[in-house]
Structure formats: structure tokens, C-alpha cells
């Protein structure tokens with residue numbers, strides 16, 4: 001492993017430990033020359049996450065949980081929106097459409113960082129809105 005001081009495109013210098021064959025180290029050094037330093041990279045990534053989360057409820061939890069949950073929420077919301085659109089298109093009544101809108105809005109507005117972290121690994125997240133709508137419709141049918 002060799003240490004190299006790299007001057008990044010952001011203007012900052014940073015020491016990197018690069019291992020591997022000489023040719024591989026040289027290629028990685030050249031690539032690192034074209035990137036931001038790790039601090040600037042993190043700052044840009046965090047700024048992108050903040051922009052992507054604009055208009056959404058502020059998450060609650062520890063600083064680390066909130067940061068992690070913001071990234072998860074940005075990945076999951078397009079899936080929720082796609083499922084919502086499919087359910088609305090398939091809905092046969094305004095009542096069902098109203099339930100879909102309400103349940104999707106409730107999921108989107110969930111302020112708990114833990115809520116989003118817990119759902120990161122759910123393989124069936126895409127079907128969650130559908131199950132909530134079906135449960136609500138079943139509940140309404142039983143109440144009649």
C-alpha cells in the first residue's frame with residue numbers, strides 16, 4: 001500500500017492509501033485527480049439529499065438516523081408514487097381513489113426516520129400501499 005497526496009478538482013489536497021499493482025495505482029491516482037475530495041463529495045451528496053427531500057416532512061430521530069432515512073426515503077418514494085398511479089388507474093370508484101390518495105399521503109408524510117429505515121430492506125414495499133387500501137376497504141365493508 002502506498003500513500004499519495006492527491007490534488008482534487010475542488011482544489012483540496014488529500015492523502016489516499018492506494019494498493020494494488022503499480023499500473024492500477026497509477027490509474028486510480030489519475031481518476032482521483034478528476035474527483036472532489038471526500039469532504040466536498042459528502043457535502044455535495046448531502047446537499048443533493050436535502051434538495052430531494054424538499055417539501056417533505058422533516059424527519060425525527062438521531063442525526064445519523066435522519067441522514068440515513070433521507071437517502072432511503074428518496075429511493076422509496078418513486079416506488080410509492082408508481083404504485084399509487086397504478087392503483088388510481090385501476091380504481092373503479094371515486095371512493096377507492098380517495099382511499100389510495102389518503103393512504104399514500106399518510107405514508108409519504110411519515111416523519112419518523114425509523115419508519116423509513118425499517119422499510120429499507122422490505123422486498124414487498126411496492127405492495128404496501130395496495131395492502132393498506134385493501135385493508136381499509138375490507139374494514140369499510142365490515143362496518144356496513
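Overview of values
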| quantity | calculated |
| --- | --- |
| Residue, nearest to residue 79 (Cα to Cα), within region 116-127, restricted to residues that are touching a residue at least 24 places away in the same chain (Cβ under 8 Å) and assigned to a helix (DSSP H, G or I) | 126 |
| Meets criteria (more than 30 Å from residue 131 (Cβ to Cβ), touching a residue at least 24 places away in the same chain (Cβ under 8 Å) and surrounded by fewer than 14 Cβ atoms within 10 Å (Cβ to Cβ)) for residue 8 | no |
| Residue identified as surrounded by fewer than 14 Cβ atoms within 10 Å (Cβ to Cβ), assigned to a helix (DSSP H, G or I) and under 21 Å from the mean Cα position of the chain (by Cα) among 105, 98 | 105 |
| Residues of region 61-77 that turn out to be in a helix (DSSP H, G or I) and either outside the structural domain of residue 133 (by TED's automatic domain parsing) or farther than 20 Å from residue 47 by Cβ (or both), as a count | 1 |
| Residues of region 12-33 satisfying the condition of being surrounded by 13 or more Cβ atoms within 10 Å (Cβ to Cβ) and either under 10 Å from residue 2 (Cα atoms) or over 30 Å from the mean Cα position of the chain (by Cα) (or both) | 16, 18, 25, 26, 27, 29 |
| Qualifying residue in region 85-92 (condition: out of contact with any strand residue (DSSP E or B) (no Cβ under 9 Å at 6 or more places or on another chain), closer than 27 Å to residue 137 by Cα and not in a helix (DSSP H, G or I)) | yes |
| Every residue from region 5-15 that is out of contact with any helix residue (DSSP H, G or I) (no Cβ under 6 Å at 6 or more places or on another chain) and closer than 16 Å to residue 42 by Cα | 8, 9, 11, 12, 13, 14 |
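The rows are residues; the columns are (1) at pLDDT 90 or above; (2) more than 25 Å from residue 139 (Cβ to Cβ).
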residue	(1), (2)
27	yes, yes
50	no, yes
79	no, no
98	yes, no
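The values are calculated or read from the model by the stated rules, or taken from the named source; none is laboratory data. All of these numbers come straight from a predicted model, not from anything done at the bench. Cβ atoms come from the backbone with ideal geometry, glycine included; neighbour counts cover every protein chain shown.
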